[in-house]
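Accompanying notes for the structure given below.
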Amino acid sequence: MCNIMARQSLDVALKSGLEAARHKLQTACVDMVRGSQPGGQMAPGMHGQPYGQPPMGAAAQQQQAPPALPDALQLLPLYTMALQKSIVFRGGTDIRPDDRAFAMMRLNTMPSEESRYFIYPRMFALHNLPDGAGLPAAEDAPDEQAVGKSMRVTLPPMQNLSADRLQSDGVFMLENSLECVVWIGRATSPQVLQALFGIPSLDEVDFNTVALLEQNGSDLAARVRRLVTALEEERNVSLQIHLVREGDQNAEPRFFRYLVEDRAAFNGGSYSYHEYMSQINRSTKGMY
(Lines give C-alpha, C1' and ligand atoms only; values in the text may rest on other atoms or scores of the structure.)
Protein backbone atom coordinates (compact mmCIF):
# COMPACT_ATOMS: atom_id res chain seq x y z
CA MET A 1 0.00 0.00 0.00
CA CYS A 2 2.74 2.47 0.97
CA ASN A 3 4.66 1.46 -2.15
CA ILE A 4 1.71 2.56 -4.29
CA MET A 5 1.23 5.74 -2.25
CA ALA A 6 4.92 6.57 -2.71
CA ARG A 7 4.82 6.14 -6.49
CA GLN A 8 1.67 8.23 -6.84
CA SER A 9 3.23 10.96 -4.70
CA LEU A 10 6.40 10.85 -6.79
CA ASP A 11 4.33 11.97 -9.77
CA VAL A 12 2.90 14.81 -7.69
CA ALA A 13 6.38 15.84 -6.53
CA LEU A 14 7.67 16.06 -10.09
CA LYS A 15 4.67 18.06 -11.28
CA SER A 16 3.74 20.21 -8.28
CA GLY A 17 6.63 20.09 -5.79
CA LEU A 18 7.56 18.32 -2.56
CA GLU A 19 5.04 20.07 -0.31
CA ALA A 20 2.17 18.98 -2.56
CA ALA A 21 3.52 15.41 -2.51
CA ARG A 22 3.69 15.37 1.30
CA HIS A 23 0.13 16.75 1.37
CA LYS A 24 -1.04 13.91 -0.90
CA LEU A 25 0.60 11.30 1.32
CA GLN A 26 -1.12 12.63 4.42
CA THR A 27 -4.44 12.98 2.62
CA ALA A 28 -4.29 9.33 1.54
CA CYS A 29 -3.40 8.21 5.08
CA VAL A 30 -6.23 10.22 6.67
CA ASP A 31 -8.76 8.95 4.13
CA MET A 32 -7.80 5.31 4.68
CA VAL A 33 -7.83 5.64 8.47
CA ARG A 34 -11.20 7.41 8.35
CA GLY A 35 -12.61 4.82 5.95
CA SER A 36 -11.55 1.99 8.28
CA GLN A 37 -13.60 3.37 11.18
CA PRO A 38 -17.16 2.14 11.81
CA GLY A 39 -19.40 4.39 9.74
CA GLY A 40 -16.35 6.16 8.33
CA GLN A 41 -16.43 7.71 4.90
CA MET A 42 -13.65 8.56 2.50
CA ALA A 43 -13.26 12.29 2.23
CA PRO A 44 -11.32 14.31 -0.35
CA GLY A 45 -8.60 16.65 0.85
CA MET A 46 -6.88 16.87 4.20
CA HIS A 47 -8.57 18.15 7.31
CA GLY A 48 -7.16 19.08 10.67
CA GLN A 49 -3.92 20.85 11.53
CA PRO A 50 -2.08 22.20 8.45
CA TYR A 51 1.62 21.65 7.97
CA GLY A 52 4.02 23.91 9.76
CA GLN A 53 1.78 24.79 12.70
CA PRO A 54 2.88 24.04 16.26
CA PRO A 55 1.75 20.67 17.68
CA MET A 56 -1.17 20.58 20.03
CA GLY A 57 -0.55 20.81 23.76
CA ALA A 58 0.05 17.78 25.95
CA ALA A 59 -3.25 18.18 27.78
CA ALA A 60 -5.20 18.12 24.53
CA GLN A 61 -3.23 15.09 23.33
CA GLN A 62 -4.22 13.16 26.45
CA GLN A 63 -7.88 13.92 25.85
CA GLN A 64 -7.86 12.33 22.38
CA ALA A 65 -7.25 8.61 22.09
CA PRO A 66 -5.59 7.46 18.87
CA PRO A 67 -7.89 5.82 16.33
CA ALA A 68 -8.28 2.06 16.65
CA LEU A 69 -6.93 0.70 13.38
CA PRO A 70 -7.37 -2.75 11.83
CA ASP A 71 -4.26 -4.91 11.81
CA ALA A 72 -3.57 -4.21 8.13
CA LEU A 73 -3.35 -0.45 8.82
CA GLN A 74 -1.50 -0.44 12.14
CA LEU A 75 1.75 0.81 10.58
CA LEU A 76 0.19 3.09 7.97
CA PRO A 77 0.55 6.39 9.92
CA LEU A 78 4.13 5.53 10.89
CA TYR A 79 5.12 4.64 7.33
CA THR A 80 3.33 7.70 5.93
CA MET A 81 5.25 9.98 8.29
CA ALA A 82 8.48 8.17 7.42
CA LEU A 83 7.82 8.75 3.71
CA GLN A 84 7.19 12.45 4.30
CA LYS A 85 10.53 12.72 6.11
CA SER A 86 12.43 10.50 3.67
CA ILE A 87 15.19 11.74 1.39
CA VAL A 88 12.66 11.64 -1.46
CA PHE A 89 9.97 13.94 -0.02
CA ARG A 90 11.54 15.88 2.87
CA GLY A 91 11.95 19.62 2.57
CA GLY A 92 14.88 21.78 3.55
CA THR A 93 18.27 22.26 1.93
CA ASP A 94 20.24 19.36 3.46
CA ILE A 95 19.55 16.93 0.57
CA ARG A 96 21.67 17.31 -2.57
CA PRO A 97 19.60 17.30 -5.79
CA ASP A 98 21.53 14.35 -7.24
CA ASP A 99 21.00 12.30 -4.05
CA ARG A 100 17.27 13.05 -4.13
CA ALA A 101 17.03 12.21 -7.84
CA PHE A 102 18.80 8.88 -7.29
CA ALA A 103 16.50 8.01 -4.38
CA MET A 104 13.42 8.94 -6.46
CA MET A 105 14.58 6.69 -9.29
CA ARG A 106 15.23 3.75 -6.98
CA LEU A 107 11.96 4.14 -5.06
CA ASN A 108 9.99 4.23 -8.30
CA THR A 109 11.28 0.78 -9.27
CA MET A 110 11.54 -0.93 -5.87
CA PRO A 111 9.46 -4.02 -5.11
CA SER A 112 7.28 -3.70 -2.03
CA GLU A 113 9.51 -5.76 0.29
CA GLU A 114 12.57 -3.67 -0.55
CA SER A 115 10.72 -0.36 -0.32
CA ARG A 116 9.44 -1.34 3.12
CA TYR A 117 12.91 -0.83 4.58
CA PHE A 118 13.66 2.15 2.38
CA ILE A 119 10.60 3.86 3.86
CA TYR A 120 11.26 2.78 7.47
CA PRO A 121 14.90 1.67 7.77
CA ARG A 122 16.06 -0.96 10.23
CA MET A 123 18.44 0.05 13.02
CA PHE A 124 20.40 -2.48 15.05
CA ALA A 125 22.67 -2.12 18.10
CA LEU A 126 26.00 -3.75 17.23
CA HIS A 127 27.86 -3.30 20.51
CA ASN A 128 25.66 -5.73 22.46
CA LEU A 129 24.46 -8.29 19.93
CA PRO A 130 22.34 -10.94 21.68
CA ASP A 131 23.25 -14.61 21.48
CA GLY A 132 22.45 -15.92 18.02
CA ALA A 133 22.35 -12.56 16.21
CA GLY A 134 24.60 -12.62 13.15
CA LEU A 135 24.73 -16.43 13.24
CA PRO A 136 22.95 -18.95 10.97
CA ALA A 137 19.22 -19.00 11.64
CA ALA A 138 16.92 -21.96 12.04
CA GLU A 139 15.37 -23.22 8.81
CA ASP A 140 11.88 -22.30 9.98
CA ALA A 141 12.82 -18.82 11.27
CA PRO A 142 10.22 -16.22 10.18
CA ASP A 143 11.24 -13.42 7.82
CA GLU A 144 11.00 -10.86 10.63
CA GLN A 145 13.79 -12.65 12.50
CA ALA A 146 16.16 -13.73 9.71
CA VAL A 147 17.60 -12.46 6.44
CA GLY A 148 19.51 -13.89 3.49
CA LYS A 149 19.09 -16.46 0.72
CA SER A 150 21.90 -19.01 0.48
CA MET A 151 22.36 -18.82 4.28
CA ARG A 152 19.72 -17.32 6.54
CA VAL A 153 21.20 -15.15 9.30
CA THR A 154 19.48 -14.23 12.56
CA LEU A 155 18.67 -10.53 12.87
CA PRO A 156 19.31 -8.51 16.04
CA PRO A 157 16.29 -6.76 17.58
CA MET A 158 15.16 -3.68 15.64
CA GLN A 159 15.48 -0.33 17.39
CA ASN A 160 12.96 2.49 17.08
CA LEU A 161 14.19 5.25 14.76
CA SER A 162 14.68 7.85 17.45
CA ALA A 163 17.75 9.50 18.97
CA ASP A 164 16.42 8.37 22.35
CA ARG A 165 17.59 4.87 21.43
CA LEU A 166 21.21 5.92 20.90
CA GLN A 167 23.85 5.59 23.60
CA SER A 168 27.23 7.28 23.65
CA ASP A 169 28.83 3.98 24.61
CA GLY A 170 27.17 2.13 21.72
CA VAL A 171 27.50 1.41 18.00
CA PHE A 172 24.34 1.40 15.87
CA MET A 173 23.90 0.33 12.26
CA LEU A 174 21.03 1.59 10.12
CA GLU A 175 20.20 0.03 6.73
CA ASN A 176 17.63 1.22 4.20
CA SER A 177 18.07 -1.23 1.28
CA LEU A 178 20.57 1.15 -0.39
CA GLU A 179 23.22 1.86 2.23
CA CYS A 180 24.33 1.15 5.79
CA VAL A 181 25.17 4.03 8.10
CA VAL A 182 27.06 3.08 11.27
CA TRP A 183 26.91 5.58 14.15
CA ILE A 184 29.72 5.24 16.69
CA GLY A 185 29.28 6.78 20.13
CA ARG A 186 32.16 8.80 21.52
CA ALA A 187 32.26 6.67 24.69
CA THR A 188 32.34 3.30 22.91
CA SER A 189 34.62 0.91 24.76
CA PRO A 190 38.10 0.21 23.31
CA GLN A 191 37.22 -3.50 23.22
CA VAL A 192 34.25 -2.90 20.89
CA LEU A 193 36.22 -0.46 18.70
CA GLN A 194 39.06 -2.96 18.38
CA ALA A 195 36.68 -5.83 17.66
CA LEU A 196 34.70 -4.00 14.96
CA PHE A 197 37.18 -1.59 13.38
CA GLY A 198 40.65 -2.56 14.56
CA ILE A 199 41.22 0.74 16.37
CA PRO A 200 41.59 1.25 20.14
CA SER A 201 40.19 4.78 20.26
CA LEU A 202 38.31 7.39 18.22
CA ASP A 203 40.84 10.08 19.07
CA GLU A 204 42.63 11.59 16.06
CA VAL A 205 41.34 8.88 13.74
CA ASP A 206 40.72 9.67 10.08
CA PHE A 207 37.43 7.91 9.33
CA ASN A 208 38.32 7.82 5.64
CA THR A 209 40.81 5.10 6.55
CA VAL A 210 38.54 3.11 8.91
CA ALA A 211 36.20 0.28 7.90
CA LEU A 212 34.39 -2.67 9.42
CA LEU A 213 36.75 -5.61 9.83
CA GLU A 214 36.27 -8.60 7.58
CA GLN A 215 34.91 -11.93 8.80
CA ASN A 216 38.39 -13.20 9.63
CA GLY A 217 38.63 -10.56 12.35
CA SER A 218 37.00 -10.85 15.78
CA ASP A 219 33.85 -12.87 16.52
CA LEU A 220 31.83 -9.63 16.71
CA ALA A 221 33.16 -8.41 13.35
CA ALA A 222 32.43 -11.80 11.79
CA ARG A 223 28.81 -11.71 12.98
CA VAL A 224 28.29 -8.15 11.75
CA ARG A 225 29.90 -8.92 8.38
CA ARG A 226 27.72 -12.03 8.06
CA LEU A 227 24.66 -9.86 8.74
CA VAL A 228 25.68 -7.27 6.12
CA THR A 229 26.40 -9.99 3.56
CA ALA A 230 22.97 -11.55 4.15
CA LEU A 231 21.29 -8.15 3.73
CA GLU A 232 23.16 -7.58 0.48
CA GLU A 233 22.25 -11.03 -0.79
CA GLU A 234 18.56 -10.54 -0.04
CA ARG A 235 18.55 -7.09 -1.71
CA ASN A 236 20.78 -8.12 -4.64
CA VAL A 237 22.85 -4.98 -4.02
CA SER A 238 26.23 -4.00 -2.63
CA LEU A 239 25.48 -1.81 0.37
CA GLN A 240 27.70 1.21 0.85
CA ILE A 241 28.84 1.43 4.48
CA HIS A 242 29.31 4.91 5.95
CA LEU A 243 30.86 5.40 9.38
CA VAL A 244 29.68 8.36 11.45
CA ARG A 245 31.30 9.51 14.67
CA GLU A 246 29.08 11.03 17.37
CA GLY A 247 29.39 14.80 17.27
CA ASP A 248 30.68 14.99 13.68
CA GLN A 249 28.73 18.00 12.42
CA ASN A 250 29.44 17.18 8.78
CA ALA A 251 28.60 13.47 8.76
CA GLU A 252 26.07 13.06 11.57
CA PRO A 253 23.11 14.67 9.70
CA ARG A 254 23.35 11.80 7.19
CA PHE A 255 22.46 9.43 10.02
CA PHE A 256 19.94 11.57 11.91
CA ARG A 257 17.77 12.27 8.86
CA TYR A 258 16.73 8.61 9.02
CA LEU A 259 15.50 8.91 12.63
CA VAL A 260 11.99 9.64 11.43
CA GLU A 261 10.26 9.29 14.81
CA ASP A 262 11.96 12.53 15.93
CA ARG A 263 11.22 16.06 14.80
CA ALA A 264 12.85 17.02 11.50
CA ALA A 265 14.30 20.45 10.72
CA PHE A 266 12.10 21.44 7.80
CA ASN A 267 8.71 23.09 7.52
CA GLY A 268 6.12 20.32 7.60
CA GLY A 269 8.34 17.82 9.38
CA SER A 270 8.67 19.39 12.81
CA TYR A 271 6.65 16.77 14.68
CA SER A 272 7.47 13.55 16.49
CA TYR A 273 5.65 10.29 15.86
CA HIS A 274 3.33 10.83 18.85
CA GLU A 275 2.49 14.33 17.63
CA TYR A 276 1.86 13.00 14.15
CA MET A 277 -0.53 10.36 15.47
CA SER A 278 -2.44 13.08 17.32
CA GLN A 279 -2.64 15.06 14.08
CA ILE A 280 -3.95 12.03 12.16
CA ASN A 281 -6.48 11.38 14.92
CA ARG A 282 -7.82 14.93 14.79
CA SER A 283 -7.87 14.92 10.99
CA THR A 284 -9.93 11.71 10.83
CA LYS A 285 -12.45 13.31 13.18
CA GLY A 286 -12.61 16.50 11.09
CA MET A 287 -11.23 18.59 13.98
CA TYR A 288 -9.43 21.85 13.23
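The values are calculated or read from the model by the stated rules, or taken from the named source; none is laboratory data. Predicted model only: the values in this text are computed from it and were never measured. For neighbour counting, all protein chains shown are included, and Cβ atoms are generated from backbone atoms with ideal geometry for every residue, glycine included. Keep in mind that these areas ignore ligands, DNA and RNA; they rest on the heavy atoms of the full protein, side chains included. Shrake-Rupley method; radii C 1.70, N 1.55, O 1.52, S 1.80 Å.
In the set ASP248, ASP262, which member is closer than 23 Å to SER115 by Cα and surrounded by 15 or more Cβ atoms within 10 Å (Cβ to Cβ)?
ASP262
Can you name every residue in region 182-206 that is open to solvent by 40 Å² or more (accessible area, probe 1.4 Å) and in a helix (DSSP H, G or I)?
The answer is PRO190, GLN191, GLN194.
Please determine, by comparing only the residues of region 147-162 that are open to solvent by less than 10 Å² (accessible area, probe 1.4 Å) and β-branched (Val, Ile, Thr), which one is nearest to LEU220 (Cα to Cα).
VAL153
Can you name every residue in region 217-239 that is closer than 21 Å to LEU202 by Cα and polar (S, T, N, Q)?
The answer is SER218, and nothing else.
Inside region 1-49, can you point out the residues that are surrounded by 18 or more Cβ atoms within 10 Å (Cβ to Cβ), basic (Lys, Arg) and at pLDDT 90 or above?
ARG22, LYS24
Within region 163-170, identify whether any single residue is within 18 Å of VAL224 (Cα to Cα), among the polar types (S, T, N, Q) and loosely packed, with under 14 Cβ neighbours inside 10 Å, and answer yes or no.
Looking for residues that are within 18 Å of VAL224 (Cα to Cα), among the polar types (S, T, N, Q) and loosely packed, with under 14 Cβ neighbours inside 10 Å, one finds none in region 163-170, hence no.
Cβ-Cβ under 8 Å, sequence separation 6+ or interchain: first residue in region 183-200 and free of Cβ contacts under 8 Å to residues at least 12 places away in the same chain, partner assigned to a helix (DSSP H, G or I). Which pairs?
Close Cβ pairs (under 8 Å, with a partner that is assigned to a helix (DSSP H, G or I)) amount to ILE199/LEU193; PRO200/PRO190; PRO200/LEU193; PRO200/GLN194.
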